[in-house]
Amino acid sequence: MKTGMIKPAALALAMASVFTAPATAGERESLEQLRSTTIGLIEALVQEGILPKDKADTLLKKAEEARQAATSTEQAPDAAVAATPAADGGVVRVQYVPEFVKQQLRADIEKEVMAKLNYHVEEERLKLPDWLDRISFEGDVRLRYEPDRFSGRNLQEFQYGLNPGRQAMISNTQDDQNRYRARARFGINAKLSDTFTAGIRMTTGHMDDPVSPNESIDIHAAKLQWGLDRAFITAKPYDWVSATAGRFANPFFSTDMVWDPDLAFDGVAMAFMPKLTDSIAGFGTIGAFPIDQVKKGSVNKADDKWIMGAQAGITWTSPNQSSIKAGIALYDFKNVEGIRNNIDGFDSRYNGTVMPYRQKGNNTFDVYMNGNNSCGLVVTGSGAGYSGDGCGLASKFKVLNLTGQIDLATFDPVHVILQGDYARNIGFDQKEILRRTGSLYKEENEAYQIRLTVGMPEIRKRHDWQVFGAYKRLEADAVVDAFTDSDFHMGGTDAKGTILGGSYGLDKNTWFTARWLSTREISGLPLSIDVFQFDLNARF
């Protein structure tokens, strides 16, 4: 037998230890069961191509000979302690093997069998290559039925788009609609070494929408769009520190108030996880993430837009796995505020200061300065239309965020989880905004959320359940409207309201979720929306 394969002598020795070990009357039944298991193991090895049938027959024959010899001497007062070679020099005859030796032999054989399942006896590879042991797959599918209900007090859509002080591009504000939507994600993760890992993930969703992977499904749509939303490499040289670069999941401890759960972060982040005591651990994250890399030139004086983020926090865990977690973060959004062009209407050097993607809610102004303060009003033969690409953000954004969570596991598996989140945009400065935009804006720069969840922390199997309720209030310039939750108020800020819902496990990794989100504006134009979501989820 070549090196790296299971050695017949070792297997024979293990079999002999089972077939020949002296036993009392009370042990014989257990030994017979163990002998049957050993024979079953040999047969399985033959079926898998690990061990040739002729060699397996030889092993069984030799083991039976050893058992018969042991039976003939079982009544002797002194059993031999050492293994002695047989006359033919090829059979190992074992009269007695200590228990610790048996255990070690079993462990060694099991380890060798599992490590070599992908090889034939002559080291020929099976169909599965060894690199598959370092690859893992993940994915999920969510099917959603979403009835959206709009209040009769809402204005027509174009009126929100023609409001330069708080411009909002909304496709529907008055007509109730029922939407059928789908989200599908599939990822591959690879362990490159003990230090490095890498991963990619594909997801549905429109290519110009960073916060929603949902797509409406109907026959007319024909095919769903499918794009890459994860591509990263992670280095973890020690248990307490890691670094990730590329496009990856949110690295911060947060809720959906500042960051939408589906938002991917591009850039680099470092995470620190020092263990302070048996029950207390710290955590910290720093990172730099590009939002929009602007093409430079004589006609474009806008600067690249970035997010610089840092967070620190602490976690306490009790013996019954109840926990308290709290963190403080500062997110500095670089160059996201708009800058006015010259008043003559021919200057376009600062058009690039407009955010490449927005939802709604932040205070805005016209960077075009074409004389009508319209943020891109376009007059055509059929009347007035709206391009919406000339509104810059009025405020700078430097968001201070406090996040906390209390998880009571006293009634495990049922948990009671209380979450709180507070954010304040300390970058809001009325005087600075007035100098830059020529307009005065009300200070509306705070947000908070409180959420209570009762049930299993995560739905994993049949009959797992969870109910939850939340209240959220986001003032206009508390957070950047482009990145907050895309479901609450159908995306954006200047909104307050409640969220109620629950989840129930239908089977392993399959569950149903229902949510009701009821929201209205805080200070802008009237806009009240009720969104109902009924989700069928499957994870693999």
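The values are calculated or read from the model by the stated rules, or taken from the named source; none is laboratory data. In this text, all values refer to a predicted model and were calculated from it rather than measured experimentally. Note: ideal-geometry Cβ built from the backbone for every residue, glycine included; neighbour counts use all protein chains shown. With ligands, DNA and RNA removed, areas are computed over all heavy atoms of the protein, side chains included. Shrake-Rupley method; radii C 1.70, N 1.55, O 1.52, S 1.80 Å.
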Count - residues of the range 226-254 that are surrounded by 21 or more Cβ atoms within 10 Å (Cβ to Cβ) and either within 17 Å of Asp481 (Cβ to Cβ) or β-branched (Val, Ile, Thr) (or both): 1
Any hit, the range 366-377, residues being modelled with pLDDT of 85 or more and either assigned to a loop (DSSP other than H, G, I, E, B) or open to solvent by less than 40 Å² (accessible area, probe 1.4 Å) (or both): yes
Flag for Ser279 being of a type in the set (Ser, Thr, Tyr), closer than 30 Å to Gly469 by Cα and open to solvent by 20 Å² or more (accessible area, probe 1.4 Å): yes
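Could you please let me know if Asp266 is touching a residue at least 12 places away in the same chain (Cβ under 8 Å), open to solvent by less than 50 Å² (accessible area, probe 1.4 Å) and either basic (Lys, Arg) or within 27 Å of Arg451 (Cβ to Cβ) (or both)?
On the way: touching a residue at least 12 places away in the same chain (Cβ under 8 Å): yes; open to solvent by less than 50 Å² (accessible area, probe 1.4 Å): yes; either basic (Lys, Arg) or within 27 Å of Arg451 (Cβ to Cβ) (or both): no.
Considered against the rule, which asks whether it is touching a residue at least 12 places away in the same chain (Cβ under 8 Å), open to solvent by less than 50 Å² (accessible area, probe 1.4 Å) and either basic (Lys, Arg) or within 27 Å of Arg451 (Cβ to Cβ) (or both), Asp266 comes out as no.
Just for the range 481-509: of the residues that are open to solvent by less than 40 Å² (accessible area, probe 1.4 Å) and assigned to a strand (DSSP E or B), which one is farthest from Cys391 (Cα to Cα)?
Gly505
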Selection count, the range 186-211, where residues are open to solvent by 30 Å² or more (accessible area, probe 1.4 Å) and either over 18 Å from Asn250 (Cα atoms) or of a type in the set (Val, Ile, Thr) (or both): 12
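Please find, within the range 250-306, the residue that is nearest to Ile339 (Cα to Cα) out of those that are among the aliphatic types (A, V, I, L, M) and touching a helix residue (DSSP H, G or I) at 6+ places or on another chain (Cβ under 6 Å). Quick ask: steps written out before the conclusion?
Just the residues of the range 250-306 that are among the aliphatic types (A, V, I, L, M), to begin with: 257-258, 263-264, 268-271, 273, 276, 280-281, 286, 288, 291, 294, 299, 302.
Checking which are touching a helix residue (DSSP H, G or I) at 6+ places or on another chain (Cβ under 6 Å) leaves us with 294, 302.
On the way: Val294: 14, Ala302: 8 Å.
Filtering first and then ranking leaves Ala302.
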Condition check for Tyr422: within 27 Å of Gly313 (Cα to Cα) and open to solvent by 20 Å² or more (accessible area, probe 1.4 Å): yes
Test result for Phe488, closer than 23 Å to Ser212 by Cβ, among the aromatic types (Phe, Trp, Tyr) and either touching a helix residue (DSSP H, G or I) at 6+ places or on another chain (Cβ under 6 Å) or touching a residue at least 60 places away in the same chain (Cβ under 8 Å) (or both): yes
Test: residue in the range 443-451 that is assigned to a strand (DSSP E or B), closer than 23 Å to Arg142 by Cα and without any contact (Cβ under 8 Å) to a residue 40 or more places away in the chain: no
Subset of the range 516-532 [crowded, with 18+ Cβ neighbours inside 10 Å and closer than 22 Å to Gln419 by Cα]: Leu517, Thr519
The one condition in (1) over 21 Å from Val399 (Cβ atoms); (2) touching a His at 6+ places or on another chain (Cβ under 9 Å) that Leu474 fails to fulfil: (1)
The range 288-302 - residue that is surrounded by 14 or more Cβ atoms within 10 Å (Cβ to Cβ) and part of a loop (DSSP other than H, G, I, E, B) and, of those, nearest to the chain's Cα centre (by Cα): Val294
Out of Asp429, Asp407, sole residue that is open to solvent by 50 Å² or more (accessible area, probe 1.4 Å) and farther than 12 Å from Ala447 by Cβ: Asp429
Identity of the residue in the range 314-346, at pLDDT below 95 and among the β-branched types (Val, Ile, Thr), that ends up most open to solvent (accessible area, probe 1.4 Å): Ile343
Test: residue in the range 245-266 that is on the phi > 0 side of the Ramachandran plot and under 20 Å from the mean Cα position of the chain (by Cα): yes
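Every residue in the range 452-464 that is touching a residue at least 40 places away in the same chain (Cβ under 8 Å) and either open to solvent by 20 Å² or more (accessible area, probe 1.4 Å) or touching a Pro at 6+ places or on another chain (Cβ under 7 Å) (or both), please. Step through it out loud before you land on a result.
Filtering the range 452-464 for residues touching a residue at least 40 places away in the same chain (Cβ under 8 Å) gives 454-457, 459-464.
Of everything in the range 452-464, those that are touching a residue at least 40 places away in the same chain (Cβ under 8 Å) and either open to solvent by 20 Å² or more (accessible area, probe 1.4 Å) or touching a Pro at 6+ places or on another chain (Cβ under 7 Å) (or both) turn out to be Val454, Met456, Pro457, Arg460, Lys461, Arg462, His463.
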